[in-house]
Structure formats: C-alpha cells, structure tokens
Amino acid sequence: MPGNHENSDHHHRHSHNHDSPDFDHIGSFLVSDERRKWQNPESILESIKAPLDGILVDIGCGPGFFTLPAALRAGNRGTVVGIDASRKLLSLCRQRLDDSGVTNAELLMIELDEHIPLSDGSSDFILMANVLHDFTKPEHMLRESFRILRKGGMFVDIDWKAEAAEFGPPEGIRFSLEKSENMIVHAGFTVRSLPEIGPFHYCIIAGK
C-alpha cells in the first residue's frame, strides 16, 4: 500500500501480540482514506452482492473496514458479526460502529485459528478480507467457515495477489489465487466466480 505501511505490519499476524502498542497506528491505517483509494469497501460489498438481510460474518474484521459498511448496508434487515483476535482492533471497530449509530452488529474476540463459537449452518454469508494468508491454520479456518455457513450460503475470500509489490504483505507469505482456490474447494465449497475487484487483490466467491 502507498507509503509502504504494510511491509512491516501488513495486517496483524495472528501469532503476534494482538494488543501491543504497535497496533495503535495499524488500526488507524486500516480504516484510512489512503486504503480506500485502492480498496473501497462499499463498492466491493456491492460487487460481491453482500446480503441486505440474514447474517453476514466478517472473519478477521480488524477495526471494521468492511464490518461497518456491511452493517450500514443491511440496516435493520440483517445482522453483521465481526470476529477478530485483537482486543484493540475490536475496540476500535466497536467505537466506529457506535459513532455511526449501528445497532445490528455483534463483535466476537477469539483466537482465529480456533473454533468459531457459532452454530452449524447459522450464517448466510461469510467474508474473509486480506486475512487467509495470515492464519496459522488456514485450512482449519476454511473448514470452520464451511461448518457455520448454511446450505445455499456464500463465502467470499479477498486477498493480495501473489506478486511483488512496493506495499502490502511480503510476497513470500501471500497465497496465489490457485492456492487459495484449491484450499477453498478442499474445505467443501464450490467456487462460483472470480470477479475483478481492483489491481492488488483477487476475489473468490464460493457457495455451499
């Protein structure tokens, strides 16, 4: 990303101390206007047809870059559940939700490589944005996502293209589109489409 912010802190790696002082500026940057220049959440939510009702789960939600606009988009028709491992980033997310008057969003703090405390088939739509490559056990998180998604529901993975860039996470830890797609299929999903969402990321839309 511009300014080389993410080479060192790209998106909080879940094995790190999630609440160290280093995360203070990360949270601010992750919801900055600078980020919106290359990843506009409202337009992306529209393009991936995020639901206006039902339950949308934002896994690895951070400070709510997608959580807040998804909740505003749904209004009183749907519920958004944001899940993250960082207390500080979830606190920032809650503050942003409250400041916007959002009442249809719930936040859960869990270690993201562990069990997701949601019932089987309880979710209508699951979003993972810029986080699949960060998990210690990505296959496990995909299986958990498949478990909590209802039959007929949709799963969307957005992540950095696996190519050299002046910003974003190091190329060596990025997942290629092919690798992510294979893991998603192996978890039980059926890939529906691969829409273009910008110059730096790929998008995989899958169903159950």
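The values are calculated or read from the model by the stated rules, or taken from the named source; none is laboratory data. Everything numeric in this text was worked out from a predicted model, so none of it was measured. Cβ atoms come from the backbone with ideal geometry, glycine included; neighbour counts cover every protein chain shown.
Among the candidates 92, 118, 107, the residue that is surrounded by 15 or more Cβ atoms within 10 Å (Cβ to Cβ) and free of Cβ contacts under 8 Å to residues at least 60 places away in the same chain is uniquely 107. Of all the listed residues (179, 151), the sole one being under 20 Å from residue 136 (Cβ atoms) and not hydrophobic (A, V, I, L, M, F, W, C) is 179. Going residue by residue through region 151-170, is there one that turns out to be part of a helix (DSSP H, G or I) and in contact (Cβ under 8 Å) with a residue 60 or more places away in the chain? No - not one qualifying residue is present in region 151-170. Counting only residues that are over 14 Å from residue 157 (Cα atoms) and touching an Asp or Glu at 6+ places or on another chain (Cβ under 9 Å), region 40-64 holds 7 of them.
Is it true that residue 193 is among the hydroxyl-bearing types (Ser, Thr, Tyr) and over 17 Å from the mean Cα position of the chain (by Cα)? Against the criterion (among the hydroxyl-bearing types (Ser, Thr, Tyr) and over 17 Å from the mean Cα position of the chain (by Cα)), residue 193 qualifies. Within region 96-105, does at least one residue satisfy the condition of being of a type in the set (S, T, N, Q) and in contact with a Gly (Cβ under 7 Å, 6 or more places away or on another chain)? Yes: region 96-105 contains one or more residues that are of a type in the set (S, T, N, Q) and in contact with a Gly (Cβ under 7 Å, 6 or more places away or on another chain). So is residue 139 farther than 23 Å from residue 63 by Cβ, surrounded by fewer than 16 Cβ atoms within 10 Å (Cβ to Cβ) and without any contact (Cβ under 8 Å) to a residue 60 or more places away in the chain or not? Taking the combined requirement at face value, the residue satisfies it.
Restricting attention to region 68-87, the residues being touching a residue at least 40 places away in the same chain (Cβ under 8 Å), in contact with a helix residue (DSSP H, G or I) (Cβ under 9 Å, 6 or more places away or on another chain) and either surrounded by fewer than 19 Cβ atoms within 10 Å (Cβ to Cβ) or β-branched (Val, Ile, Thr) (or both) number 1. Could we say that residue 34 is surrounded by fewer than 20 Cβ atoms within 10 Å (Cβ to Cβ), in contact with a helix residue (DSSP H, G or I) (Cβ under 7 Å, 6 or more places away or on another chain) and either modelled with pLDDT of 50 or more or under 18 Å from residue 174 (Cβ atoms) (or both) here? In short, yes.
When you scan region 180-187, do you find a residue that is closer than 25 Å to residue 71 by Cα, in contact with a helix residue (DSSP H, G or I) (Cβ under 6 Å, 6 or more places away or on another chain) and at pLDDT 95 or above, even just one? Checked against the condition, which is being closer than 25 Å to residue 71 by Cα, in contact with a helix residue (DSSP H, G or I) (Cβ under 6 Å, 6 or more places away or on another chain) and at pLDDT 95 or above, region 180-187 yields no hits at all. Looking at 177, 194, just one residue is free of Cβ contacts under 8 Å to residues at least 60 places away in the same chain, within 21 Å of residue 126 (Cβ to Cβ), loosely packed, with under 14 Cβ neighbours inside 10 Å and among the hydrophobic types (A, V, I, L, M, F, W, C), and that residue is 194.
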